[in-house]
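Nothing in this text is a laboratory measurement; each read-out follows from the coordinates by a stated rule. Computed from a predicted structure; not experimentally measured. Here the Cβ positions follow ideal geometry from the backbone for every residue, glycine too, while neighbour counts run over all protein chains shown.
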């Protein structure tokens, strides 16, 4: 179970990297689409046409962020109860809470785009929490026990 915990924990920062790559692809592709003389309207997004540069990046970013990352975070939390990783449940719980925060920030950013900056910054926090959880499960780490006090 410890290995499963470690794999799930490392999956979090990897999926955050996928998020960054997907949104960069989407925005740069969309920028090129506009530079090529196309109009950007709400119907452009609604069309889901593969002709629109980078549109697939938005879909990947949305599905990864709304389905895959939350699923991995929840699996990490469940596995943490059985993995016997020192402070493993603590780190997994922080990951879950930060994923919920990240999704909340994303929805808030649709109403106030400046909030989107916090979404980007918090992505780094989420990746760091995933790394911290994975490091807690590295080989050789054992659950610390407090030695009993000697009585005289």
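Some observations on this one:
- From the list 2, 6, the one residue that fits, being more than 20 Å from the chain's Cα centre (by Cα) and surrounded by 13 or more Cβ atoms within 10 Å (Cβ to Cβ), is 2.
- Residue among 58, 90, 82, 25 that alone is in contact (Cβ under 8 Å) with a residue 12 or more places away in the chain, out of contact with any strand residue (DSSP E or B) (no Cβ under 8 Å at 6 or more places or on another chain) and over 21 Å from residue 119 (Cα atoms): 82
- Residue within the range 39-57 that is within 19 Å of the chain's Cα centre (by Cα) and part of a helix (DSSP H, G or I) present: yes
- Output for the range 58-84, where each listed residue is surrounded by 20 or more Cβ atoms within 10 Å (Cβ to Cβ) and not in a helix (DSSP H, G or I): 83
- Within this structure, residue 11 fails the test of being more than 30 Å from residue 91 (Cα to Cα), touching a residue at least 24 places away in the same chain (Cβ under 8 Å) and surrounded by 15 or more Cβ atoms within 10 Å (Cβ to Cβ).
- In the range 108-132, residue nearest to residue 12 (Cα to Cα) [restricted to those that are more than 15 Å from the chain's Cα centre (by Cα) and surrounded by fewer than 13 Cβ atoms within 10 Å (Cβ to Cβ)]: 117
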